[in-house]
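The values are calculated or read from the model by the stated rules, or taken from the named source; none is laboratory data. Keep in mind that what you see is a predicted model, and the values were worked out from it rather than measured. Glycine also receives a Cβ, built like all others from the backbone with ideal geometry; neighbour counts cover every protein chain displayed. Side chains are part of the model used for accessible areas, which takes the heavy atoms of the whole protein and leaves out ligands, DNA and RNA. Shrake-Rupley method; radii C 1.70, N 1.55, O 1.52, S 1.80 Å.
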Amino acid sequence: VQLQAYGGGLVQAGGSLRLSCVSSGITFRVYTMGWFRQAPGKERMFVASITDTGRFRNYAESVKGRFTISRDNDEYTVYLQMDTLKPEDTALYYCVAYRRGTRFYNTSNSVGYWGQGTLVTVSS
């Protein structure tokens, strides 16, 4: 299984970035997908999730209204559009595929597969 994330980089506060994650080795269309992030010196935390059909989406309170998760099942890709970025959004962002049947998306215990991470740095 591979979850290849890209799109990170350096951006000024108030700017935007779009992360992409291409999957292989799993039947992408049946998995709930998501993003976690880990800031320097902090624990890994939930950012957003999207169910297999894209019908239901969840967000961490800290990113609601600024980030949008979406997916394209024909392209085996999940996206994270990040707008109005803040310095506190600086982190390594991980694409994840959740364990089948899980109902709790805000915990890393529910993650079945992790990607390698892509670094987002927001300057003030």
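Being within 20 Å of Gln2 (Cα to Cα), open to solvent by 30 Å² or more (accessible area, probe 1.4 Å), within 14 Å of the chain's Cα centre (by Cα) and touching a residue at least 12 places away in the same chain (Cβ under 8 Å) narrows it down to one residue among Val111, Val22; which is it? Walk me through how you get there before you give the answer.
On the way: Val111 fails: open to solvent by 30 Å² or more (accessible area, probe 1.4 Å).
Unique residue meeting the criteria: Val22.
Among the residues of segment 29-47, which ones are more than 15 Å from the chain's Cα centre (by Cα) and either open to solvent by 60 Å² or more (accessible area, probe 1.4 Å) or under 12 Å from Tyr105 (Cα atoms) (or both)?
Step one: filter segment 29-47 for residues more than 15 Å from the chain's Cα centre (by Cα), giving 29-30, 40-43.
The answer is Arg29, Pro40, Gly41, Lys42, Glu43.
For segment 76-84, does any single residue satisfy the condition of being of a type in the set (Asp, Glu), farther than 19 Å from Thr121 by Cβ, open to solvent by 10 Å² or more (accessible area, probe 1.4 Å) and modelled with pLDDT of 95 or more? Before the answer, list the steps.
Of the residues in segment 76-84, the ones of a type in the set (Asp, Glu) are 83.
Going one step further and asking which of them are farther than 19 Å from Thr121 by Cβ, we end up with none.
Within segment 76-84, not a single residue is of a type in the set (Asp, Glu), farther than 19 Å from Thr121 by Cβ, open to solvent by 10 Å² or more (accessible area, probe 1.4 Å) and modelled with pLDDT of 95 or more.
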